[in-house]
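The values are calculated or read from the model by the stated rules, or taken from the named source; none is laboratory data. What you are looking at is a predicted structure, and each value in this text was computed from that prediction instead of being measured. Please note: Cβ atoms are built from the backbone with ideal geometry, for glycine as well, and neighbour counts cover all protein chains shown.
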Amino acid sequence: MYFSTKNRYHQDDTGGKRRREPVHFTPKNDFVLIIISTFVFDNRPAQRPSGCNRLRLPSTIDMIDFEFSISTDLIHFQVQPGESEQAFFIKRRRQRSASEQPSAPLSWPPLSPSSITLLCPLDTNFTTVERQEWLYRVLMEQLRKEAKYMLPGRLAFLSARHELPYTKVSINAARTRWGSCSSRKSINLSLFLMLLPSRLIDYVLLHELCHTREMNHGPRFWALLDKLTQGQALALRKELRCFRPQF
């Protein structure tokens, strides 16, 4: 089951800010599930003008424009020309499980990734620092939304399957670590996990769940993680080290 949304933004002539317009929904079928979400954009000058210099995109493109896209097991993000000359739209389509029960997990990896399209006016100037900073924030917000939608459910599924309970899960924008687990069994996950292959996402989630039992990286921790990954813990760790957050 899929649903799609369109978020519309108009330029405000007062103070350079943008005002939020009503969200328009376009059902794909009669059984569409609609989740209302809003995104507020503040177009004030960026606090860190050099921010876009740190963008390291997963391609040879050095800016976010009509040629930019991200495609992973969980998400497909692209920028395309829109029909409106003054408005920006976000279109989203997600896979849903066959059952509407919260306990029914999404198929893993998803049969099709979440599709997010940012529609921009055809004459959008992508070369300014301010525009790149805004596009960066839009992209981060969409990654955060998808991470909150997919990762907690997958973590809960693996937790129940392997009898490794935790107290809560939070999504952050950490770039130096994929996840962490506190002594209170509180797990933090980076939204940048959405850029990894699904098998490495599972490895990170299992890694943090193992810390709910072993709060170190000693022999018992690695023996447990190796058991949960069918003897692939070290190979998956080596593969994960080849990935770094791209932004």
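Annotations for the structure displayed:
- Among the residues of the stretch 165-182, those identified as surrounded by fewer than 20 Cβ atoms within 10 Å (Cβ to Cβ), at pLDDT 95 or above and assigned to a loop (DSSP other than H, G, I, E, B) are Pro165, Tyr166, Thr167, Ser182.
- Wholly enclosed helices (runs of 4 or more DSSP H) of the stretch 191-244 bearing at least 1 residues touching a strand residue (DSSP E or B) at 6+ places or on another chain (Cβ under 6 Å), free of Cβ contacts under 8 Å to residues at least 40 places away in the same chain and not assigned by TED's automatic domain parsing to the domain that holds Leu74: 198-210
- When the residues of the stretch 140-156 are filtered to those that are surrounded by fewer than 20 Cβ atoms within 10 Å (Cβ to Cβ) and hydrophobic (A, V, I, L, M, F, W, C), the one that is nearest to Met194 (Cα to Cα) is Met140.
- Condition check for Gln142: outside any strand (DSSP E or B), touching a strand residue (DSSP E or B) at 6+ places or on another chain (Cβ under 6 Å) and of a type in the set (S, T, N, Q): yes
- Look at the stretch 123-149: where a residue is of a type in the set (Gly, Ala, Ser) and a partner is part of a helix (DSSP H, G or I) and surrounded by 15 or more Cβ atoms within 10 Å (Cβ to Cβ), sitting 6+ places away or on another chain with Cβ atoms under 6 Å, you get Ala147/Leu191; Ala147/Met194.
- Given (1) closer than 30 Å to Val79 by Cβ; (2) in contact with a helix residue (DSSP H, G or I) (Cβ under 9 Å, 6 or more places away or on another chain), number of the condition Tyr149 does not satisfy: (2)
- Each residue in the stretch 127-160 was checked for being among the basic types (Lys, Arg) and closer than 15 Å to Ser190 by Cβ, and 4 pass.
- Residue within the stretch 211-227 that is closer than 25 Å to Ser71 by Cα and either among the hydroxyl-bearing types (Ser, Thr, Tyr) or out of contact with any helix residue (DSSP H, G or I) (no Cβ under 8 Å at 6 or more places or on another chain) (or both) present: no
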